[in-house]
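Okay, so here's the structure we're looking at.
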Amino acid sequence: MSTAAYSHPDLAGALPAAAGAWVTLRPVSRHDGGVLQAYIRALSWESRYNRFLGALNELPAAELERVTHLDQKHELALLAETRLDGASLVVAETRYAFSRDRRECEFALSVADAWHSKGIGTLLVADVERRAACLGARRLVGDVLRSNEPMKALARKTGFALADIPRDARLVRIVKDLAPSWRARIPGSVPSLPIAA
């Protein structure tokens with residue numbers, strides 16, 4: 001398959017969120033180190049622990065450098081932003097990466113604490129699912145702390161199955177088979193799709 005077939009669909013776009021707010025998704029760029037780090041520092045301890053599967057206050061310098069310089073062919077990090085009092089505010093982030101054979105796509109996400117229960121997580125899961133399917137993935141997967149009840153509930157709500165991970169009893173794996181119809185509909189470029197909360 002040609003490299004062109006793997007061009008990313010709609011790297012940026014706007015999604016309607018709850019209460020009339022709009023969330024803009026855009027790729028993390030090499031200039032976003034400070035923005036991303038400030039977002040992560042502002043998360044509660046519990047949210048950071050759930051997102052990164054352990055305790056940290058901020059991304060280590062090497063990881064921050066890596067995230068802001070992804071190749072966007074096999075991995076992508078996205079920021080979800082909204083406008084508040086005329087200024088841009090990061091309300092969520094997500095990252096995904098394809099396996100070498102591109103059949104599986106692993107993802108993770110976080111939502112700012114003040115934006116929980118507003119449909120942002122559902123929007124991000126739907127957007128990552130669409131992107132992964134359009135790029136040929138057969139399955140969408142993620143590792144979640146067994147104690148992370150909100151993420152497990154979101155996974156169930158959005159059609160994921162939960163499976164044990166034998167090598168790590170702290171984690172469960174969320175797995176969703178991606179419908180072949182998603183992939184068949186899109187031969188190359190993908191138009192924007194409206195996604196409701």
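For every other residue with a beta carbon closer than 12 angstrom to the beta carbon of residue 115, add +1 if it is Lys or Arg and -1 if Asp or Glu, then tell me the sum. All intermediate terms of the calculation are to be shown ahead of the outcome.
Numbers: positive: 118; negative: 81, 93, 113.
Taking every other residue near residue 115 into account, the sum is -2.
Could you tally the net charge around residue 106, taking each other residue with its Cβ under 10 Å from the Cβ of residue 106, Lys/Arg +1 and Asp/Glu -1? Mind showing how you got there, number by number?
Working: positive: 95, 139, 173; negative: 75, 104, 143.
So the surrounding residues net to 0.
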Span from the region 20-46 Cα centroid across to the region 67-97 one, whole angstrom: 6 Å
Rg to Rh, two decimals, where region 99-156 supplies the alpha carbon set and Rh follows Kirkwood: 1.00
Three-way shape label, region 82-182, alpha-carbon gyration tensor, a/c 1.5: oblate
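Grab the beta carbon distance between residue 53 and residue 87, set R0 = 30 Å, and tell me the FRET efficiency rounded to 0.05. Write down the numbers at each step before the final one.
Working: r = 31 Å, r/R0 = 1.04.
For residue 53 and residue 87, the calculated efficiency is 0.45.
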Residues 106, 75, sorted so that the one with the fewest Cβ neighbours within 10 Å comes first: 75, 106
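Please give the per residue volume of the convex hull enclosing the alpha carbon atoms of region 42-117, rounded to a whole number of Å³. Numbers along the way, then the final one.
Numbers: hull volume 9.7 nm³, N = 76.
Output value, Cα hull per residue: 128 Å³.
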Scattering curve values for region 12-185, log₁₀ I(q)/I(0), Debye with Cα scatterers, q = 0.11, 0.14, 0.19 Å⁻¹: -0.45, -0.75, -1.46
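Values in this text are rule-based calculations from the coordinates and carry no lab data. All values reported here derive from a predicted model rather than from experimental measurement. Neighbour counts run over all protein chains shown; Cβ positions are idealised from the backbone, glycine included.
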